[in-house]
Structures are given as C-alpha cells and as structure tokens.
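The values are calculated or read from the model by the stated rules, or taken from the named source; none is laboratory data. Being a predicted model, the structure only gives us computed values, none of them experimental. Cβ: placed from backbone, ideal geometry, glycine included. Neighbour counts: every protein chain shown. Remember, those area values only see protein heavy atoms, side chains included, never the ligands or the DNA or RNA. Shrake-Rupley method; radii C 1.70, N 1.55, O 1.52, S 1.80 Å.
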Amino acid sequence: MTRIETRISEIGLTLPEVAAPAGAYVPALEVGDLVYTSGQLPIVDGELAVTGTLGAEVDVAKGYDAARIAALNALAAIKSVIGDLDNIEQVVKMTGFVNSAPDFTDHPKVINGASEFLHEVFGQRGAHARSAVGVAALPMNTPVEIELIVKVRRLDAVV
C-alpha cells in the first residue's frame with residue numbers, strides 16, 4: 001500500500017475501484033505532468049450515496065460528506081492513470097458543482113468536504129485553487145460533482 005493510500009485508510013476510508021464512465025469519456029486523462037479528471041460523483045459500491053438538491057432535500061452536512069466521497073472517487077480515477085498516488089506532487093485545481101435550490105448560497109461550505117479531505121490526505125500538497133459553482137441540476141440527481149487537476153511527478157523526466 002502506498003503512503004497516500006495508507007493515509008486514506010488511516011482516516012477510515014478505502015480507495016475504490018474507478019467508476020465506469022456513464023458516457024463517451026474517460027475518468028481521467030494525463031497530459032504532460034497534469035492529470036485532469038472527469039466529473040466524479042459521490043458513488044459508493046456502484047450507487048449514489050445521497051441524491052437531491054442542496055437547500056431542499058439535502059443539508060450542508062450531507063453535501064459536505066458527498067463532496068468528500070466524490071473527491072475520493074477522483075483520486076481513484078487519477079490512480080487508474082498514474083498507478084501510484086504518491087506520484088501526485090500537487091493538487092492544482094478543483095471545480096465543485098453543487099445541485100442547489102435557487103436560494104441556496106452555501107456552495108463553498110459543501111465543497112469544503114472535498115477540499116478538507118485533500119488537505120487531510122496530502123497535507124500542503126493538497127492546497128489548491130478552487131471554484132464552487134451552484135447549478136440547477138446534476139446527473140442522476142447527485143448533490144455534488146467534483147473535478148480535479150493534479151500535477152504528477154514524471155518518472156521519465158530528466159533530472
């Protein structure tokens with residue numbers, strides 16, 4: 001088990017297998033020393049952990065937990081491309097989408113679930129730029145969707 005996977009285990013989580021794409025895309029794509037993930041949902045054992053709209057059926061605490069799960073799934077997608085999460089040098093950017101009622105304004109509090117998880121796992125390497133965006137709907141009525149961009153150590157790079 002790698003250091004990052006050990007850390008994930010220490011906080012009580014298990015890195016899942018990468019979720020199969022729901023459309024014509026790949027879960028993650030490496031371009032140079034960056035890996036971009038497709039939007040990741042809070043799926044656990046093949047099912048959404050929670051469904052609904054923030055500010056209506058889903059409260060901030062459940063949205064926070066859903067964002068945390070979606071970030072874990074993003075790491076699984078990244079691992080499927082790079083093989084070893086210890087090769088992540090820096091989490092660069094996160095985009096968090098929140099399925100929200102028109103009057104809901106706590107998007108940052110929801111997406112903090114993903115941001116704080118990444119900091120917990122990676123320490124300073126988990127610090128990142130971020131957007132937290134409210135939307136009218138998300139696929140399968142998920143409350144959140146997370147995209148990550150990470151910088152990876154290139155094993156073939158000349159030192």
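Structure notes:
- Residues that are within 12 Å of residue 71 (Cα to Cα), modelled with pLDDT of 95 or more, in contact with a Lys or Arg (Cβ under 9 Å, 6 or more places away or on another chain) and assigned to a strand (DSSP E or B) are absent from segment 101-124 altogether.
- Any hit, segment 75-82, residues being in a loop (DSSP other than H, G, I, E, B) and of a type in the set (Val, Ile, Thr): no
- Among the residues making up segment 111-147, those that are under 24 Å from residue 26 (Cα atoms) and among the β-branched types (Val, Ile, Thr) are 111, 133, 135, 142, 144, 146.
- Residues being touching a residue at least 24 places away in the same chain (Cβ under 8 Å) and open to solvent by 60 Å² or more (accessible area, probe 1.4 Å) - total across segment 15-24: 2
- Among the residues making up segment 57-92, those that are charged (D, E, K, R) and within 20 Å of residue 10 (Cα to Cα) are 65, 68, 79, 84, 86.
- In segment 133-155, residue farthest from residue 72 (Cα to Cα) [restricted to those that are part of a loop (DSSP other than H, G, I, E, B) and open to solvent by less than 60 Å² (accessible area, probe 1.4 Å)]: 138
- Taken as a whole, segment 139-159 holds at least one residue that is touching a helix residue (DSSP H, G or I) at 6+ places or on another chain (Cβ under 9 Å), hydrophobic (A, V, I, L, M, F, W, C) and at pLDDT below 95.
- Scanning segment 26-49 for residues that are in contact with a strand residue (DSSP E or B) (Cβ under 8 Å, 6 or more places away or on another chain), over 18 Å from residue 136 (Cβ atoms), open to solvent by less than 60 Å² (accessible area, probe 1.4 Å) and not small (Gly, Ala, Ser) returns 27, 33, 34, 35, 37, 40, 42.
- Residue 12 open to solvent by 40 Å² or more (accessible area, probe 1.4 Å), on the phi > 0 side of the Ramachandran plot and either out of contact with any strand residue (DSSP E or B) (no Cβ under 7 Å at 6 or more places or on another chain) or part of a loop (DSSP other than H, G, I, E, B) (or both): yes
- Exactly one residue out of 63, 55, 96 is in contact (Cβ under 8 Å) with a residue 40 or more places away in the chain and touching a Gly at 6+ places or on another chain (Cβ under 8 Å): that is 63.
- Taken over segment 78-108, residues that are under 11 Å from residue 148 (Cβ atoms) and buried (at least 24 other Cβ atoms within 10 Å of the Cβ) amount to 5.
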